[in-house]
1. Need one value for B:86-93: mean number of C-beta atoms belonging to other chains within 10 Å of its residues' C-beta atoms.
2. In peptide A:373-383, what is the residue-averaged number of other protein chain Cβ atoms found within 10 Å of each Cβ?
3. Tally the DSSP beta bridges in chain B and give the antiparallel ones as a percent, rounded to 5.
4. Could you tell me the calculated FRET efficiency between residue A:266 and residue A:339, based on Cβ-Cβ distance and R0 = 25 angstrom, to the nearest 0.05?
5. Label point 7 Å out from residue A:273 along Cα-to-Cβ: which residues of the stretch A:26-46 have amide N under 18 Å?
6. Within chain A, what percent of beta bridges assigned by DSSP are antiparallel, to the nearest 5?
7. Let me have the 222 nm mean residue ellipticity of the protein assembly as shown computed from DSSP H runs of 4+ only, each contributing -39500 (n - 2.57), with the sum over all residues rounded to the nearest 500.
8. Calculate the FRET efficiency for residue B:11 and residue A:3 from the Cβ-Cβ distance with a Förster distance of 41 Å, rounded to the nearest 0.05.
């Protein structure tokens with residue numbers, strides 16, 4: 001029997017009990033959809049971070065070596081001595097370093113949707129457009145060299161909304177220090193929407209940090225030399241750790257992968273439940289059709305044919321459920337992005353081709369395993385017993 | 001007449017609690033090619049057990065069954081399935097059609113298992129259904145057919161692969177006398193003028209048995225007479 005005929009038999013077998021089949025498929029849809037939504041978070045983070053890192057001008061990020069608690073962008077408390085900037089400047093021509101940019105990053109707000117990041121950069125030396133080339137001004141102005149110690153801020157669109165800032169508003173950093181908003185950026189599709197940019201020196205003074213930075217960003221004459229320069233810097237300055245954009249992405253990817261594993265673990269529970277539902281449905285179908293399987297075997301079907309038929313039924317159930325799950329998961333990811341758009345200002349959930357492949361693959365494996373026991377039972381039926389003889 | 005099917009000293013013993021039940025007791029039979037053999041006997045005499053062993057649905061506790069000199073008893077299950085498909089046709093007492101398939105698809109099933117091309121098997125199925133008087137009922141599923149119609153679909157299915165031996169359990173049970181007689185002709189192939197098929201049937205209908213070339217009477221798992 002060819003596959004098309006086998007497929008028709010399997011499909012008819014499932015349609016014998018349409019309501020039971022529908023409910024089983026629904027179970028798989030829910031299980032796969034939850035997996036897709038959970039894992040789409042990791043995919044969205046990867047995509048957003050990849051785009052963000054790629055948009056940032058600096059080719060290397062330097063933080064203190066051996067500080068495992070540091071994030072990839074640096075410690076929460078600025079701890080990189082500023083004199084390191086001078087050390088890098090001293091080898092700039094030798095290693096092809098174009099710009100050395102110390103920065104301070106500090107977070108404000110909470111998970112309530114009112115959060116933003118404050119980034120302090122030496123705008124008197126490096127224009128904002130050099131560091132984040134894709135940012136566009138909506139209203140007001142950007143920084144000028146005269147702003148070096150001025151308490152002025154240029155605000156991302158989401159940050160402006162979250163902190164209720166308008167042109168001319170005051171952003172209070174603490175009891176004594178506030179910044180005046182002189183520019184508001186156009187809404188983009190990145191983390192920088194949640195950024196508030198201020199001059200480095202003004203921020204350092206405002207939070208009481210002297211001669212320290214969260215990290216040092218380095219722009220190279222040739223971005224293709226990033227790996228070579230990072231290796232040279234790490235060999236020369238063993239107290240520091242220079243990371244390329246690739247390193248940063250790799251570290252972030254590792255963190256996201258751990259999150260993925262955790263989320264997959266949670267979805268695995270619903271997947272197992274869905275798989276058991278498939279196994280139950282297929283097994284009930286086998287019991288109900290014992291006589292028919294006996295007839296098919298009696299007229300000349302091999303045990304392997306019956307086995308294939310039952311496994312195909314199981315896989316059809318799981319794959320239809322899997323396809324439905326991907327669709328519902330895809331719609332779910334839109335809901336997630338809609339719900340958190342003000343909080344993080346990027347699409348944190350993304351249903352990527354590899355996630356779709358994973359979901360369909362998981363559904364297929366689920367169907368295969370769920371069908372094995374019923375298929376074994378069906379293929380081992382004793383013909384005389386199945387026919388109701390003796 | 002040459003012998004097409006032979007049962008040599010076959011016995012079938014079933015466990016029953018701590019005891020055993022002997023369904024067939026050292027029975028030997030020969031079936032000639034192209035002849036109709038009717039197996040008759042009271043309920044529980046071992047008729048169905050004999051049919052199961054002859055058709056290869058079950059294995060005798062002792063003895064051997066051969067078809068054209070090939071031992072069915074010694075064949076592995078996979079080989080036996082292909083052998084049944086190629087050489088045997090079956091009509092079950094309660095028709096046993098596949099409920100999810102329509103009449104034509106039921107008749108096509110053994111051809112499909114034998115990997116006969118779609119066009120060829122469709123033509124064959126339609127032709128057989130027309131011959132059993134169901135040419136206009138080919139798209140009906142078993143639950144849309146009467147008992148007699150289902151029985152005729154089962155007969156068409158048994159003939160689909162043009163087997164050399166047909167095993168039938170009460171093949172004319174739900175048919176009127178005239179139709180039953182025609183069906184027997186169809187089953188044996190005598191009406192086609194082609195090489196006659198061997199028909200082994202179980203029946204309680206003595207009119208049907210009377211049309212057989214040979215009657216085998218079974219009682220308590222042994223031959224009674226007429227062998």
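1. Partner-chain Cβ atoms within 10 Å, mean over residues of B:86-93: 3.
2. What the average comes to for A:373-383 is 1.
3. Rounded to the nearest five, the antiparallel share is 55 percent.
4. 0.85
5. Within reach of a label on residue A:273, which here means backbone N under 18 Å from a point 7 Å along Cα→Cβ, the stretch A:26-46 contributes A:26-39.
6. 75
7. Using -39500 (n - 2.57) per qualifying helix, the result is -15500 deg cm²/dmol.
8. Given R0 = 41 Å and the Cβ-Cβ separation, E is 0.45.
FYI, it's all coordinate maths here, none of it is from the lab. Every value quoted in this text rests on a predicted model; they were computed, and no experiment measured them. Glycine also receives a Cβ, built like all others from the backbone with ideal geometry; neighbour counts cover every protein chain displayed.
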